[in-house]
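Undergrad: Following this message is one structure expressed as structure tokens.
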Amino acid sequence: MKKISLIYVLLFAFIFSCKESSKVIKTEKKVAKIDSITVKKHLYTLASDDMEGRKTGTPGIEKAAKYIENEFKRIGLSTYDTLKNYRQTFTFTDKRSKKEITTSNIIGVLEGKSKKNEFVIITAHYDHLGISKKEGQLDSIYNGANDDASGVTGVLALAEYFKAKGNNERTILFVAFTAEEMGLIGSTHFGKGIDADKFVAGINLEMIGKVPSFGPNTAWLTGFERSDFGKIIQKNLEGSGYQLFPDPYKKFNLFFRSDNASLARLGVPSHTFSTTPIDVDKDYHQVSDEVETLNMTVITETIKAVAKGTESIINGTDTPTRVVIKENK
């Protein structure tokens, strides 16, 4: 009898232990945060020599695509529309080489709660210039750390942040566009297949790795005057110690030179965040655009500011005015 009693005691203890363990597992929740460790991991991976400059149509960009896919999967994002995976694959003809290139936008989805048919899209381009050997130049890999591994890093960090937060009322699309450097090819292709009226805002990240001309804890926004998107961000950033300014480089026509333009032409209030003083940036489209030239704090704090600044748009309380483009510049 003693042996039987002992068995019952042990069995009860085992069952109780299992129940307590399951409680711990159920209550365990990821903390929503954006930190420099994660930022550094993404940036160093995407801008490594192993990615061979991420030129569209090369093995290098394929490595980057797989990395982004794996991160979307790890984070727990869903696939877009009728796609069977995270890739929106298509073929286009390169205007320069006249060759046909097959490539992919990488798209992950975080479904909204009460407004799941209203979309906010967070984007950056993951392609760059590849490898080009020039006489007298020892380095031939155009790593594109700032342009635009920094932006893709932001997309990945925001995807993980909003997934952990779990309170987005609107659906968020996280997109790494291909072939931006060849003429906004990836974002243009994406735009052809959407109902633009359902897209509430476009948040594009481009070259967010350097201290702006406005000083630390600042960024600038392209097309500021074309919608009230920027004013909403400024309102949400009040008291945060971070400031957003209108694009100070009007002569460069930057609103139309990044992927936000493909959606803006459809009426979507889609704008680009940047921190780089582009007028004096000696690393733009040079082999010197390496991770070592970037400031991890600037990238991390800018991503945090984008998260805070867009919060009211993502939770459905603010809706930016539509963009009207009278001239196709």
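The values are calculated or read from the model by the stated rules, or taken from the named source; none is laboratory data. As the structure is a computational prediction, the values presented were derived from the model and not from experiment. FYI the Cβ positions are ideal-geometry reconstructions off the backbone, even for glycines, and counts take in every protein chain you see. Side chains included, ligands, DNA and RNA excluded: accessible areas come from the protein's heavy atoms. Shrake-Rupley method; radii C 1.70, N 1.55, O 1.52, S 1.80 Å.
Undergrad: Taking the Cα centre of segment 176-254 as origin, work out the dipole magnitude from +1 charges on Lys and Arg Cβ and -1 charges on Asp and Glu Cβ, in debye rounded to 20.
TA: About 140 debye.
Undergrad: Could you size up the charge dipole of segment 147-283 around its Cα centre, putting +1 on the beta carbon of Lys and Arg and -1 on that of Asp and Glu, and report it in debye to the nearest 20?
TA: Computed about the Cα centre, the dipole is about 260 debye.
Undergrad: Over the Cα atoms of segment 48-136, what radius of gyration and what Dmax do you get, in Å?
TA: Calculated on Cα positions, Rg and Dmax stand at 15.8, 59 Å.
Undergrad: Which whole number in µm²/s is D for the chain by Stokes-Einstein, with the Kirkwood Rh taken over Cα pairs at 37 °C and 0.692 mPa s?
TA: The Stokes-Einstein estimate is 158 µm²/s.
Undergrad: Okay, next question. So what are the radius of gyration and Dmax for the Cα set of segment 52-199, in Å?
TA: Rg, Dmax (Cα atoms, Å): 16.1, 59.
Undergrad: Tell me the per residue accessible area of segment 52-111 using a 1.4 Å probe; a whole number in Å² is fine.
TA: 56
Undergrad: If you don't mind, another one. Bin width 10 Å, origin at 0, all Cα-Cα pairs of segment 247-329: what percent of pairs per bin?
TA: In order of increasing distance, the bins hold 14, 36, 36, 14, 0 percent.
Undergrad: Another question, then. From the convex hull of the Cα coordinates of segment 191-262, what is the mean projected area in square nanometres? Kindly include the intermediate steps, with their values, before the conclusion.
TA: Numbers: hull surface 22.8 nm².
Averaging across all directions leaves 5.7 nm² for the Cα convex hull.
Undergrad: Given C-alpha coordinates of segment 116-201, what is the ratio Rg to Rh with the Kirkwood estimate of Rh?
TA: 1.10
Undergrad: Accessible area, 1.4 Å probe, largest first: how do L266, L156 sort? Write out the running numbers ahead of the final one.
TA: On the way: L266 80, L156 0 Å².
Ranked from most to least accessible, the order is L266, L156.
Undergrad: So how strong a dipole does segment 223-329 carry about its Cα centre when Lys and Arg Cβ are +1 and Asp and Glu Cβ are -1, to the nearest 20 debye?
TA: 560
Undergrad: Another one. Mean residue ellipticity at 222 nm from the helices of the chain, using -39,500 (n - 2.57) per DSSP H segment of n ≥ 4 over the full residue count, to the nearest 500 deg cm²/dmol?
TA: Working: 9 runs with 110 residues, N = 329.
After summing the helix terms and dividing by residue count, I get -10500 deg cm²/dmol.
Undergrad: Given the pairs K84/K250; K55/K163; K95/K235, which span a C-alpha to C-alpha distance of over 32 angstrom in this model?
TA: K84/K250; K95/K235
Undergrad: Here's a follow-up. At a 10 angstrom cut-off on C-beta neighbours, averaged per residue, how do the peptides 272-278, 91-97, 69-75, 110-116 rank from highest to lowest?
TA: Ranked by mean Cβ neighbours within 10 Å, highest first: 272-278, 69-75, 110-116, 91-97.
Undergrad: Any idea how far the Cα center of segment 35-104 sits from the one of segment 105-178, in Å?
TA: Measuring centre to centre over Cα atoms gives 9 Å.
Undergrad: Give the average over all directions of the projected area of the C-alpha convex hull of segment 127-281, one decimal, in nm². Working shown, then result.
TA: Details: hull surface 42.9 nm².
Reported value for the Cα convex hull: 10.7 nm².
Undergrad: Taking every eigenvalue of the Cα gyration tensor of segment 93-154, multiplying by 5 and rooting it, what semi-axes result, largest first, whole Å?
TA: Semi-axes from the Cα gyration tensor: 34, 17, 7 Å.
Undergrad: Where only protein heavy atoms count, and the probe is 1.4 Å, what is the accessible area per residue for segment 251-329 in Å²?
TA: The answer is 43 Å² per residue.
Undergrad: How compact and how long is segment 154-229, expressed as Rg and Dmax of its alpha-carbon atoms in Å?
TA: 14.7, 40
Undergrad: Shifting gears a bit: Roll a 1.4 angstrom probe over the protein heavy atoms and tell me the percent of accessible area of the chain that is carbon or sulfur.
TA: Roughly 54 percent of what the probe reaches on the chain is carbon or sulfur.
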